[in-house]
Amino acid sequence: MKTDSLKYAAAGLTALLVLPTGALAQEGDCVSEGNRNTRSAEVEFSLAASRTDTRPQEERYQRALEKLEENWSLPEVPARSYLLAANAYLELRDLVGADSMLTTLVEVAPQCEEQAQRMRFNAWVDHFNAGIEALRQGDSPTALERFETANVINRDARSLAYAGQIHQQSGDEAKATELYEMALEAGGDDAIVRTASINLASLKQQTGDVEGALEIYEEYSSANPDDVLGRLNFAIALMNAEREDEAQAIFSELMSRDDLTFNQWSQVGIGLYRAQNFARAAEAFERAYELNPHNKETLENLANAHYQAERYEELLPLAEELVERYPLERVPFNLVANAHRELGSSDRALELLERRDAMPVEILRSQLTPMEGNVYSIDGEAMARTAEAGTTLTIPVTLVDEDGADVMTESLELTVPTEGEVAAFSLQLETEAQIAGFRYGVPAS
């Protein structure tokens, strides 16, 4: 039974544009009055922008800060000093220094709040975009560094939630919890709030804080009554809090709907399965199966739900379908054999178990994943059974469309691993057709 669907990514990998910001030493800045030190700093900024200047830009910004430092001991510091110092720190990529100067600027000159926020956002967005790009490249450590740097200058729910997700994936639940709480406090994008709420509540459940998780789910569900996932997780939290009647009322509400998508019915099924309500889980998976009968995970989940509910007559045709589509996997053979045994066909059950034990190789966790550019990837792992290690097996793999029609068949060349070892495999297929599922056959003899 797969439950991975109940972990949620922070949002789509979308870069953001930089907002326009006021130019230095020009009309439109929130503060303009200064003194000889601010004017000297402005000269350094002008020289830094000059193409003919012989000094490095970093040196000019440092010199500007040195000029401005003479103001810090004055009885009354010109507010423009903080604005210029913030810009110098930003150019030197010292976000801690910039954060301090911008905070002080707004304290002494409240009219600068809007300009200060634009400056924070523009500094933040560069690091946020770099973090998104690192995630696209699969470089989580660099992405985390970028998001956490972005969080120094601007507490934006997006970078906070992404950083929280990376910490959660690496097992640092305390840090992830802290970041999700900060993301919820910052608020903003609905998808981010949704993700932070669900993941934070999930972490609280894992650490035994059932009431804390329930409070988050209840608050989110009340604010977003049309969010199926929010309602579902609220019901699961109620089950964990032993408030079963309230949970079952939400499950009944979800089951009575006729507007859910394939993914939503799958989520409801997973939630009911996790609540050990296997009969109703089977009903939800049946609805998902009706929308896409070619999806492997849906067929597996539906078969497992019937098995757990001891509905062997309903299980039998599904398990047989799994054996036919995926003849090198043990679980479908076990399911169909158990169904025959429970229905009184012991001889047929024994025959199936003999077929299972005669498999040349066993396939584990095979799945179909859509990739970019009309590419689909079939991934999984293999273990040796009766075939000799080192033997190359040719396994036909077929993609099917939404109508169940064959779109294309390619050969997976699989080298049998040493006994006791597991070998990963991957097969990429490209087609412009809309693919709904896949199946594979037994190796040619």
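Derivation of every value follows stated rules applied to the coordinates shown; laboratory data play no part. All values reported here derive from a predicted model rather than from experimental measurement. Note that we place each Cβ from the backbone using ideal geometry, even for glycine, and neighbour counts take in every protein chain shown.
Residue by residue, segment 112-118 carries 3J(HN,Hα) couplings of 8, 4, 5, 5, 4, 5, 4 Hz when phi is fed to the Karplus relation 6.51 cos²θ - 1.76 cosθ + 1.60 (θ = phi - 60°); x denotes Gly or Pro. With a simple spin-label model that places each label point 7 Å from the Cα along the Cα-to-Cβ direction, the separation between residue 136 and residue 421 comes to 3.7 nm. For the chain, a Gaussian network of Cα nodes joined below 10 Å ranks 238, 335, 364 by mean-square fluctuation, and the top entry is 364.
Each residue of segment 381-396 is assigned a 3J(HN,Hα), and the resulting list reads 9, 9, 10, 6, 10, 9, 6, 6, 4, x, 5, 9, 9, 9, 10, x Hz, derived from the Karplus form 6.51 cos²θ - 1.76 cosθ + 1.60 (θ = phi - 60°), x at Gly and Pro.
Residues whose amide H comes within less than 5 Å of that of residue 407, counting only those at least five positions distant or on another chain, are 399, 400, 401 (H built at 1.01 Å from N in the peptide plane). Under the combined filter of DSSP loop state and at most 15 neighbouring Cβ atoms within 10 Å, segment 168-273 retains these GluC sites (Glu not before Pro): 242. Approximating the spin labels as points 7 Å out from Cα along Cα→Cβ, the residue 391-to-residue 324 distance works out to 2.7 nm.
Here the label points at residue 343 and residue 181, each 7 Å from Cα along the C-beta direction, are separated by 5.4 nm in the simple model. Among 350, 203, 272, which one shows the highest mean-square fluctuation when the chain is modelled as a Gaussian network with alpha-carbon springs under 10 Å? Answer for the Gaussian network model of the chain: 350.
Annotation for segment 319-346 versus segment 228-280: alpha-carbon center distance of 28 Å. Rounded to whole numbers, the Karplus 3J(HN,Hα) couplings from phi for segment 181-194 are 5, 5, 5, 5, 5, 5, x, x, 3, 4, 5, 5, 4, 4 Hz, using 6.51 cos²θ - 1.76 cosθ + 1.60 with θ = phi - 60°, and x at Gly and Pro.
Here the extension length gained between residue 57 and residue 70 equals 2.6 nm, from 0.36 nm per residue of separation less the Cα-Cα distance. Given R0 = 56 Å, the distance between the Cβ atoms of residue 379 and residue 50 translates into a calculated FRET efficiency of 0.50. Consider the candidate values (1) 58, 28, 17; (2) 35, 29, 24; (3) 55, 32, 20; state which one is semi-axes √(5λ) of the Cα gyration tensor in Å computed from the structure displayed. Checking each listed value against the structure points to (1). Only lysine pairs 8 or more places apart, or on different chains, with alpha-carbon atoms under 18 angstrom apart are counted in the chain, and they number 4.
Less than 5 angstrom separates the built amide H of residue 393 from those of 414, 415, 416, all sequence-distant by 5 or more or on a different chain.
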